[in-house]
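Step one of this worksheet: look at the structure below.
Quick note: the coordinates plus some simple rules give every number you see, no bench work behind them. Being a predicted model, the structure only gives us computed values, none of them experimental. A quick note on method: Cβ atoms are made from the backbone with ideal geometry, for glycine too, and the neighbour counts reach across all protein chains shown.
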Amino acid sequence: MGGAEPAAVPEVAELNALSAEAFVAAVAPLFEGATNFVRRLAEARPFESDARLFAAAHELAISMPEEERVALVEAHPRIGADVETVSAVSRDEQGYDEESEEDLETARAYEELAMLNEIYERQFGFRYVVFVAGRPKAEIVPLLEHALRNDRDAELRRALDETIDIAADRLARQRELETVPEEPAE
């Protein structure tokens, strides 16, 4: 993946007026490019607000056939994936730029995450997704260990909720950046 930051997502009124293809192009980066899911979301329009868009996304995500629910979760990169394979927004959220390769705790966390991701994916049949929100990898390890004790249905529901919450946070952060007043010229 990698690459530049996604383009700004239009306000909800404009999203409602877009063609289905344009809606998918605008919204898919929030969901790591899960275009099949976003196409379904386009069919659920119109939305009264960003909050309603994500409420509809939650409803849609849990109502889809299992194969499509898993595909939505699988659109996200592994926690601790090679930095070259993740989107710019995931790289920022997972804190790659703040990490030091020489930090032993971080190096150990990457090793543990690689092993735990493998176990998790074998056990559940889909990738572990969690709303990282800038937390260091070492803080994610116990969350992943705990998730291994859940049953598959509960874990898939949790992963879907996290996937939608990540997308909602991405849009909220983008909207905040768009409305930050500019500094007055001196």
Notebook entry, point to check: Quick one: if the Förster radius is 41 Å, what FRET efficiency do residue 118 and residue 45 give, using the C-beta to C-beta distance and rounding to 0.05?
Noted result: 0.55
Item checked: Total charge dipole magnitude, the stretch 12-179, about the Cα centre, Cβ charges on Lys, Arg, Asp, Glu only, Debye to nearest 20 -> 660 debye
